[in-house]
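The values are calculated or read from the model by the stated rules, or taken from the named source; none is laboratory data. Values in this document were obtained by computation on a predicted structure and should not be read as measured data. Backbone-built Cβ (ideal geometry, glycine too); neighbour counts: all protein chains shown.
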Amino acid sequence: MHVRYSYLPQQFENCDDLWENLKQFVPTGDFTLGKPLQEFEEKFAQLIGTEFAIGVNSGTDAIKLSLKALGVGFGDEVLTAANTFVATVGAIAEIGAIPVFVDCDDTFCMDVSQVENAITERTKAIVPVHFTGYMTDMRQLLPIAQQHQLPIVEDACQSILGAIDGKNAGTWGNSGAFSLHPLKNLNVWSDGGIIVTDDEELAEKLKLLRNHGLRDRDTVEVLGYNSRLDTIQAVVGNWLISQTEDIAQKRIDNARYYDEHLRKIPGIEIPPRPADYRIVYHLYIVFAEHRDRLLDYCLAQDIEAKIHYPTPIYRQSALAHLQYKEGDFPVADRHAQTIISFPCDQHLSQAEMNYVIETVTEFYNSEV
Ligand SMILES: *Cc1c(COP(=O)(O)O)cnc(C)c1O
């Protein structure tokens, strides 16, 4: 059996009504900051539970514009997690700030107990990454940030509708950044991103920054960016957004099924699943003994398993100038050696999951 990783061909197999919406939209010519975008922003704010949502052209820009609007700039240090997708770090670097890493824990998020150690006088913000659909422990991070008067931009790109104590990812910090990239849980047909906040002044700044700093057609108030969310993508988002909760729930159900079965296999360790967390499984990851051999075995059995990521971002050559070295973040390093990701999406069938479970079982029966 072939178990694919990408479900995009399935996701948009039956969307005649969306094509109809697009057909009606295109002749309006309302392509730039159009009405469907405003609609999408209202729906998104409501979905997450914030006052405001501001569409931008990527999750990367959602982080970048947030930091910029909060006054972070050249030479400022920004704390983030030692294992994240490159975009988090790219966003920090783009405004001339310096990423300063904090190791993660077995939830794949920043180990908050190490944050105070990393704060210096140059620290100007914290970007916790709610990686894989987990959440950074915001209950512990918030008081530390408050004490040091550091704003927080949550990188919630992988954790839409993830929560701790029922409080959603993106609602804890000064702002929350989401990606609408095709590979994210709520996806459009192109790049896209959106920022949520309860801070009206921040929301106003973000609206300026995403649109060249234009207050109106003739008034440039600040120098900004061209970073609008395409209205045509908002039409796609408006069609999909009502499914977001179901998508999250289906992933949670799939992960529970995997957990229940994979837990029994010696050689597999399930990461902690704290009861007060709602983990939305953008990625489903377990720890595996003989990981490289297991990965090869799965690939040979036609299962598209993956590693997120084989080299933690802090050790990538693009960051060599920061002078980190292997061993600086031992948990991120250990994860790079032991993690494996299996497909967990809303379009995965029970038969496909069973095949994954059987294949992993078979591997440890035969190899170990
Ligand atoms: C996808 C992602 C981003 C950036 O999103 P883009 O929309 O691709 O720019 C940022 N951080 C994390 C953790 C992501 O997974």
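Using the structure shown, decide if Asp17 is assigned to a loop (DSSP other than H, G, I, E, B) and either within 16 Å of the ligand (Cβ to nearest atom) or surrounded by fewer than 20 Cβ atoms within 10 Å (Cβ to Cβ) (or both).
Working: assigned to a loop (DSSP other than H, G, I, E, B): no; either within 16 Å of the ligand (Cβ to nearest atom) or surrounded by fewer than 20 Cβ atoms within 10 Å (Cβ to Cβ) (or both): yes.
Criteria not met by Asp17.
Apart from one condition, Leu180 fits all of (1) farther than 20 Å from Lys124 by Cα; (2) under 17 Å from the mean Cα position of the chain (by Cα); (3) surrounded by fewer than 24 Cβ atoms within 10 Å (Cβ to Cβ); the exception is (3).
Screening Pro266 against (1) in a helix (DSSP H, G or I); (2) more than 18 Å from the chain's Cα centre (by Cα) leaves a single unmet condition, (1).
Can Gln140 be described as at pLDDT 95 or above and within 9 Å of the ligand (Cβ to nearest atom)? When the stated conditions are applied, Gln140 does not pass them.
With Gly170, Gly166 as the choices, which residue is in contact (Cβ under 8 Å) with a residue 60 or more places away in the chain, small (Gly, Ala, Ser), crowded, with 24+ Cβ neighbours inside 10 Å and more than 12 Å from the ligand (Cβ to nearest atom)? Before the answer, list the steps.
On the way: Gly166 fails: crowded, with 24+ Cβ neighbours inside 10 Å.
Only one candidate passes the filter, namely Gly170.
Among Val72, Val89, Val100, which is the only one that is in a loop (DSSP other than H, G, I, E, B) and touching a strand residue (DSSP E or B) at 6+ places or on another chain (Cβ under 6 Å)?
Working: Val89 fails: in a loop (DSSP other than H, G, I, E, B); Val100 fails: in a loop (DSSP other than H, G, I, E, B).
From the options Val72, Val89, Val100, the qualifying one is Val72.
Taking residues in region 269-291 that are more than 18 Å from Asp253 (Cβ to Cβ), and partners anywhere that are modelled with pLDDT under 95, the pairs with Cβ atoms closer than 8 Å and at least 6 places apart or on different chains are Glu289/Val368; His290/Glu367; His290/Val368.
Per-residue answers, yes or no, for (1) in the same structural domain as Thr60 (by TED's automatic domain parsing); (2) touching a Leu at 6+ places or on another chain (Cβ under 7 Å); (3) at pLDDT below 95; (4) over 26 Å from Ile279 (Cα atoms):
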{"site": "Ile98", "(1), (2), (3), (4)": "yes, no, no, yes"}
{"site": "Cys109", "(1), (2), (3), (4)": "yes, no, no, no"}
{"site": "Ser113", "(1), (2), (3), (4)": "yes, no, no, no"}
{"site": "Ala125", "(1), (2), (3), (4)": "yes, yes, no, no"}
